[in-house]
Amino acid sequence: MFEKIIAQEKAKKILSEQIKNNKIPHAYIFMGEEGTGKMLTAIEFAKTLNCTINDYTKIDAGPCNHCSFCKHIDSGTFPDLHIINFEKQDEIAEKESEKGKTKLGIKLIRYMQEKVYIKATDGKWKFFIIEPAEKMTIEAFNCLLKTLEEPPDNTIIILIAKHKETIPVTILSRVQTVAFQPLPNIKISEYLQEKYSLSKENADKIADMADGSIEKAERLMVNTQNEYSVLWSELTSKKLAVADILIKSKSVAKDRESAIEAVSIITETATKFFRQNPAKYANIIEKLAESKRYLEQNANPTNVLDNLFMYINSKTKS
Ligand SMILES: [Zn+2]
């Protein structure tokens, strides 16, 4: 069950047992560091309960991902799944001064309560996901308490929080706690290899720095991509001295793997320019593909990149 969720076997087990036994609490708190899959799990849980294809009380499997309920939830257009967060708070603000707050206030929870007691439009289960719950004001918590004390039917409230420090005991005692652990490095590495086609070596490096968080790993990933976008704009914005180009290629060609990764990422950027101006960039796309082949065939990474970067610079700035 819940195959989209990486690791978190304990959390998945708690939820799937409750679904199977039809003993589903009306409120949860999903607690754990950022990037450990709390929001994704809440969404997958909503899909599982509303999915029309299978009977999940009998079959130990995740949501079908194809029925109209699963699709609506995935695309954020499901009317009975409400995300109660800072964005929503800004959206319902009546005055400019109510926007951009650092706490989730009582007005937002009152807004949620109005929706809580409306009958589900077409889903079987209504979901309210409050994030980040630890940022709620005391008034907001007290207001929420009323809903937790008189839970409406077929409605599930999920609080998402990094820690429980600011969450009142009166709230914690009325919700089921599900703990989310930092992800093992190997799981993060596998995810990066699959999603971004990174080499194992590079994915391992990023995973080591990610502190068990997919979000952090992806931020580090984007930074790497940005680094190469900067390199691309330097190479294509003005004619550079050969010595400067050689310094750049040397810094990228640390080893074969990172040279191949650099060429792949630069190719993505170059492809965007190619789409706008095929005549100007066609040769560069070809040269990039050729360089990648050479690198895969054991050519010296520094030589290949020297050659490639000089070519890019001369073709765009001659
Ligand atoms: Zn489905």
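All of the numbers you see were taken from the coordinates with simple rules; none came from a lab. Because the structure is predicted, anything quoted here is derived from the model rather than measured. With ideal geometry, Cβ positions are generated from the backbone for all residues, glycine too; neighbour counts draw on all protein chains shown.
Among the listed pairs LYS12/LYS119; LYS101/LYS200; LYS99/LYS272, give every one whose C-alpha distance is greater than 32 Å. The partial results should precede the final answer.
Working: LYS12/LYS119 28 Å; LYS101/LYS200 42 Å; LYS99/LYS272 36 Å.
Pairs exceeding 32 Å: LYS101/LYS200; LYS99/LYS272.
Could you list, in their original order, any pairs among LYS292/LYS315; LYS187/LYS216; LYS4/LYS164; LYS10/LYS126 whose Cα atoms are separated by more than 20 Å? All intermediate terms of the calculation are to be shown ahead of the outcome.
Details: LYS292/LYS315 18 Å; LYS187/LYS216 14 Å; LYS4/LYS164 26 Å; LYS10/LYS126 24 Å.
The pairs that break the limit, which is 20 Å between Cα atoms, are LYS4/LYS164; LYS10/LYS126.
With each pseudo-label sitting 7 Å past Cα toward Cβ, what's the THR271-LYS146 distance in nm, one decimal?
My value for the distance between the label points is 5.4 nm.
Rounded to the nearest 20 debye, what is the charge dipole size of region 42-142 about its Cα centre when +1 sits on each Lys and Arg Cβ and -1 on each Asp and Glu Cβ?
For this selection, approximately 180 debye.
Order by neighbour count: ARG256, ARG275, fewest other Cβ atoms within 10 Å first, most last.
Taking fewest neighbouring Cβ atoms as first place, the list is ARG275, ARG256.
Tell me, what is the percent relative contact order of region 1-97, built from C-alpha pairs under 8 Å that lie six or more residues apart?
RCO, region 1-97: 26 percent.
What aspartates and glutamates does LYS23 reach when the alpha-carbon gap must be under 17 Å and sequence neighbours fewer than 8 apart in one chain are set aside?
Hits, sequence-local ones excluded: ASP55, ASP60, ASP153.
Where does the chain land on Rg(C-alpha)/(2.2 N^0.38 Å)?
Taking N as the residue count of the chain, the ratio is 1.28.
For q = 0.09 Å⁻¹, what log10 I(q)/I(0) does region 9-181 give under the Debye formula with an equal point scatterer on each alpha carbon and no solvent?
These q points yield log10 I(q)/I(0) values of -0.29.
Let's see if you can work this out: charge +1 on each Lys and Arg Cβ, -1 on each Asp and Glu Cβ, no other charges. What is the dipole magnitude of the chain about its Cα centre, in debye to the nearest 20?
The dipole magnitude comes to about 440 debye.
Suppose only helical runs count, i.e. DSSP H with n ≥ 4. What mean residue ellipticity at 222 nm does that imply for the chain under -39500 (n - 2.57) per run, divided by all residues and rounded to the nearest 500 deg cm²/dmol?
After summing the helix terms and dividing by the residues of the chain, the value is -18000 deg cm²/dmol.
With N denoting the number of residues in region 258-318, provide Rg(C-alpha) divided by 2.2 N^0.38 Å, to two decimal places. List each step's numbers first, then the result.
On the way: Rg = 11.2 Å, N = 61, 2.2 N^0.38 = 10.5 Å.
Here the Cα radius of gyration is 1.06 times the empirical estimate.
Which trypsin sites (Lys or Arg not before Pro) from region 104-153 combine a DSSP loop assignment with at most 11 other Cβ atoms within 10 Å?
Here the sparse-neighbourhood loop sites are LYS119.
Only Lys, Arg, Asp and Glu count, each charged at its Cβ (+1, +1, -1, -1), so figure out the dipole size of region 9-181 about its Cα centre, rounded to 20 debye.
Values: 25 positive and 24 negative charges, 59 e Å.
Once rounded to the nearest 20, the dipole reads 280 debye.
Sorted by average packing, counted as other Cβ atoms within 10 angstrom per residue and highest first, what order do 259-267, 289-297, 222-230 take?
259-267, 289-297, 222-230
Taking LYS238 as the anchor, which aspartates and glutamates have their alpha carbon closer than 20 Å to its alpha carbon, excluding any fewer than eight residues away along the same chain?
GLU227, ASP306
Return HIS72, HIS163 ranked ascending by Cβ neighbour count within 10 Å, so the fewest neighbours appear first.
HIS163, HIS72
Starting with the fewest neighbours, write out TRP232, TRP125 ranked by other beta-carbon atoms found within 10 Å of each beta-carbon. Could you put the intermediate results ahead of the total?
Working: TRP232 21, TRP125 18.
Ranked by crowding around the Cβ, least crowded first: TRP125, TRP232.
Over region 9-181, what is the mean sequence separation of C-alpha contacts under 8 Å (at least six apart), divided by residue count, expressed as relative contact order in percent?
36 percent
For region 186-316, count the residues as N, evaluate 2.2 N^0.38 Å, and divide the Cα radius of gyration by that value, please. Kindly include the intermediate steps, with their values, before the conclusion.
Working: Rg = 15.1 Å, N = 131, 2.2 N^0.38 = 14.0 Å.
With N residues counted in region 186-316, Rg over 2.2 N^0.38 Å equals 1.08.
Over the chain, what is the mean sequence separation of C-alpha contacts under 8 Å (at least six apart), divided by residue count, expressed as relative contact order in percent?
It comes to 19 percent, rounded to a whole number.
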